[in-house]
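Since the structure comes first, as C-alpha cells, the remarks are kept for the end.
Nothing in this text is a laboratory measurement; each read-out follows from the coordinates by a stated rule. Model, not experiment: these values are computed from the prediction. Every residue, glycine as well, gets a Cβ built from its backbone with ideal geometry; the counts of neighbours run over all protein chains shown.
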C-alpha cells in the first residue's frame with residue numbers, strides 16, 4: 001500500500017476557470033514571442049529539429065540561441081507527459097502515487113541549505129528574582145556536513161507526516177568535492193531513510209553513479225523503473241525565460257534515463273519576474289511548460305513534475321521573501337495551472353523569512369503550510385525545517401513542523417456526515433436532553449479512542465509555561481535515538497565496491513566493526 | 001461467585017460501564033452486565049454493601065484515578081466511571097440508610113441566583129457522587145433563601161457554590177452573609193468554583209476552599225475529612 005498523504009476535498013482555488021485560460025494563453029504567446037534564450041546547444045537543437053524557430057543570438061565563448069516554441073509542440077508534450085507519476089521508495093509502503101487531477105498532498109522536506117542550525121539550551125537566571133531559572137534555546141549556525149545529512153534523513157524517516165525526503169543540507173566537509181558530492185549525498189540519504197529520495201545533481205558526471213547505486217539497492221534496471229526510489233530536481237530555467245547550459249544538460253540526461261524529474265522554476269516577483277500576480281504567473285507557467293516540452297521531446301513519456309518555487313522580492317533588500325503572503329498566492333495559482341494540465345505539481349510552503357525557530361517562524365510557516373496545502377498540490381516541498389529564506393535548516397524546526405502538519409492533516413479529514421451519523425445524533429440528543437445533567441460527555445469516549453478527536457498540540461506545556469522548544473528538542477532526540485533501517489550489509493558492500501567516491505565513514509557496518 | 005462479581009464490578013468501574021448497554025473501552029464487554037446490573041447481582045448474592053463499595057466501586061475508582069494521573073485516561077473516562085459508581089450508590093443508598101452506614105458525607109451544590117451555567121457544576125456532582133459523597137444538586141439560578149433553607153433542613157457537611165459570571169459571583173458573598181445571619185456558617189464547609197472566582201475572592205468572602213475543578217474539589221473534601229479525623 002502506498003502512502004496516503006492527505007486528499008483535499010474541495011481544494012481552495014484562487015483563479016477562476018477563465019483566469020486560468022488567460023494565463024495559459026498568455027504563456028503560449030510568450031513561449032513564441034519573445035520565446036526563450038537557450039544557453040544549452042542540445043536543447044536548442046532538439047527544439048529546432050521538432051519544428052521550433054531557433055536562431056543563434058550569440059556565438060563565441062557563451063553561445064546562446066533564441067527558441068520560439070510553437071503552441072502545438074507544447075500541447076503535444078502536455079498530452080504525452082504522464083498524468084500519474086510514481087515515486088518509489090526503499091520501503092514500498094512509502095511509495096507516492098501522484099495523480100495530476102487528484103489533489104492528494106504529500107509533505108516533503110528540502111531543499112538544500114548551506115547552513116545547519118545547532119541548538120542548545122543554556123540556563124538563564126533572572127536578575128531580579130533570586131533562584132528563578134529558565135532555559136532558552138540558542139541557535140548556532142554552521143556549515144552542513146554529511147553527518148548532518150544522515151541525521152536529517154534519520155529524523156525525517158521517523159516524522160509521521162513527512163512523506164518524502166529531499167536533502168536538507170549541502171554537505172561541505174573537507175573531503176567532499178564536486179566529484180564525490182553526489183554519491184555521498186545520495187548514499188547518506190538513501191541509507192538513512194526508507195522514504196522516497198529526491199535531489200538535484202551537482203555534477204552530471206555523477207548521474208550514472210547515483211542511478212547505478214539506486215539499481216543496486218532495488219535489484220536492477222527494470223526494478224528501478226518499477227520502483228524509482230530516486231528522482232531529480234533540475235533548475236534548468238533561469239528567470240526570465242532562459243535555459244541554463246549545465247542544468248539543462250542534466251535535465252536532458254535524466255529524461256533519457258526515464259527517471260522522474262521536476263521542472264523547477266523559481267522566479268522572483270519584482271526582479272526576475274513581473275511584480276504583479278498575472279505577470280509572474282504567465283512567466284513561471286511559460287518557463288515550466290518549456291521544460292515539460294523539452295522533457296517529452298527528449299524522451300516521450302518521461303515522468304515529469306510541474307515544479308513551482310515562485311517568490312516575491314523583499315522591498316528592503318530585494319532578496320527573497322518566502323514569508324510574504326503573495327508567495328503563497330503564486331504557489332496556489334501554480335497548483336491550479338498544474339491541475340489544469342493534469343500534471344502532478346511540486347509546490348512550496350513553509351519556508352520563512354525568520355532566521356531562527358520562534359514566533360515569526362511559526363506564523364509564517366503555518367500560514368503558508370495551511371493555505372498552500374488547501375489548494376491540493378501533490379508534492380509539497382520545503383515544508384520541514386527551512387529558515388532564513390531557504391538558507392538554513394534546523395532539525396528542531398522540522399520536528400515542530402511535523403506537529404503543524406499533523407494538525408493540518410487532521411483538519412483536512414472529510415466531514416463525517418451521513419444518514420447513519422444523523423440517525424445516531426438524533427438518538428443521542430434525545431437521550432441526553434432527557435437526563436438531569438444534559439451532558440454529552442459519555443459519548444466522547446468511543447470517539448476519543450477511535451482517533452476521531454484531534455490530539456492536543458504536541459508540545460503543549462504544563463500550566464502557563466511555554467515549553468515548546470524544550471519539548472520539541474526532547475522529541476528530536478527521541479527520534480534520533482530510534483533505530484534506522486539501513487541498506488542491508490550485502491548491498492552496502494556492493495555499493496562501496498562498485499560506486500566510487502563514497503566516504504568510508506558512511507559504511508555503518510565497517511564503522512561498527514572498527515569500534 | 002461473590003469474588004467473581006466483585007472483580008467484575010471493579011473491572012466495569014474501570015471500564016466506565018454504567019449499564020450493559022454501555023460500550024466501555026474493551027469491545028468484548030459489550031452486552032455483558034455493567035456496574036448497575038452487577039451491583040444488583042451482588043446484593044442478590046448477599047454480598048455486604050461495604051464489600052461492594054470498598055472492594056468493587058472504590059477499588060475500581062482508585063485504578064481509574066491512577067490511569068488519569070498517568071494520562072492513560074482523560075476526564076470523559078473519569079466521569080464515565082464516576083457516573084457508574086454514582087448509579088451504584090443510588091442502588092445501595094436505601095440499604096446503607098437502613099443499616100445506618102454513613103456515606104463519605106452530604107454535599108449540596110448549586111449555581112447561584114442569576115446564573116444558569118451548570119456544566120462545571122454538573123461535572124463536579126458526577127465526580128463527587130462517584131467518589132462516595134451523597135450529592136444534593138439544587139440546580140441553577142438558585143435563590144439565596146433556598147440555599148440557606150437546604151443548609152438548615154438537609155444539613156449537608158459541604159456546600160458547593162458555582163458562578164461563571166463576575167456579575168453573579170457577588171451572590172456568593174451574600175450567601176455567606178446569609179448563612180452567618182442564620183447561625184449556619186459554622187455548620188457547613190463552603191467551597192466555591194467557576195470561571196469568575198479565584199483563590200483571592202474565596203479569601204475575600206471567607207469561604208473554606210476555592211476549587212479549580214472537580215478533582216480539586218475531591219481533594220479539598222478529602223482534606224477536610226482527614227482534618228476532622
Give or take rounding to whole Å, what are the principal axis extents of the alpha carbon atoms in the stretch A:405-482, in descending order?
-> 50, 29, 19
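Based only on other Cβ atoms within 10 Å, what is the fewest-to-most ordering of A:450, B:41? Display every interim value, and only then the final one.
Numbers: A:450 8, B:41 17.
Fewest-to-most ranking of A:450, B:41: A:450, B:41.
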Tilt relative to chain B, helix B:166-181 - C-alpha long axis, 0 to 90 degrees, to 10 | 80 degrees
State, as an integer percentage, the relative contact order of chain A based on alpha-carbon contacts under 8 Å between residues 6 or more apart.
-> 19 percent
Cα principal axis extents for the stretch B:94-133, largest first, Å | 40, 18, 13
Rounded to whole angstroms and listed largest first, the alpha-carbon spread of the protein assembly as shown along its three principal axes comes to 109, 63, 58
Between the stretch A:1-57 and the stretch A:201-217, how many Å separate their Cα centres?
-> 28 Å
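Mind checking the mean number of beta-carbon atoms from other chains within 10 Å of the Cβ atoms in B:116-129? Working shown, then result.
Working: counts 0, 0, 3, 4, 0, 1, 6, 3, 0, 2, 4, 0, 0, 0.
Per-residue shielding by partner chains comes out at 2.
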Cα pair distances of the stretch B:106-228 binned at 5 Å [whole percent] = 2, 12, 25, 27, 22, 9, 1
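Could you tell me what % of all Cα pairs in the stretch A:3-44 have separations over 13 Å?
On the way: 615 of 861 pairs.
Considering the stretch A:3-44, 71 percent of its Cα-Cα pairs are separated by more than 13 Å.
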What is the distance in Å between the Cα centres of the stretch A:433-503 and the stretch A:96-174?
-> 15 Å
Can you give the average number of partner chain beta-carbon atoms within 10 Å of each beta-carbon in peptide A:276-286, as a whole number?
-> 0
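Which order results if B:154, A:306 are arranged by neighbouring Cβ count within 10 Å, fewest first? Could you put the intermediate results ahead of the total?
Values: B:154 14, A:306 32.
With the sparsest Cβ surroundings first, the list reads B:154, A:306.
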Computed curve, the stretch B:2-98, Cα-only Debye sum without solvent term, log₁₀ I(q)/I(0) at 0.18, 0.20 Å⁻¹, is -0.72, -0.88
Pairing the Cα long axis of helix A:359-375 with the longest principal axis of chain A, what angle in degrees results, from 0 to 90 and rounded to the nearest 10?
-> 70 degrees
Shielding of A:448-459 by partners, i.e. mean partner chain Cβ atoms within 10 Å per residue?
-> 1
Using only Cα atoms, tell me the angle between helix A:277-298 and the longest principal axis of chain A; keep it within 0 to 90° and round to the nearest 10.
-> 60 degrees
When ranked by the protection proxy of mean other Cβ atoms within 10 Å per residue, highest first, what sequence do the peptides A:344-357, A:40-53, B:124-137 form?
-> A:344-357, B:124-137, A:40-53
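With 10 angstrom as the radius, rank A:389, B:211 by how many other C-beta atoms surround their C-beta, starting from the fewest.
Details: A:389 19, B:211 23.
If I rank by nearby Cβ atoms, fewest first, I get A:389, B:211.
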If you wrap the stretch B:22-177's Cα atoms in a convex hull and average its projection over all directions, what's the area in nm²?
-> 10.8 nm²
May I ask you to derive the relative contact order of chain B, considering only C-alpha pairs under 8 Å and at least 6 residues apart, and to give it as an integer percent?
-> 16 percent
Anyone know which of B:215, B:68, B:107 comes out most mobile in the 10 Å Cα GNM of chain B?
-> B:68
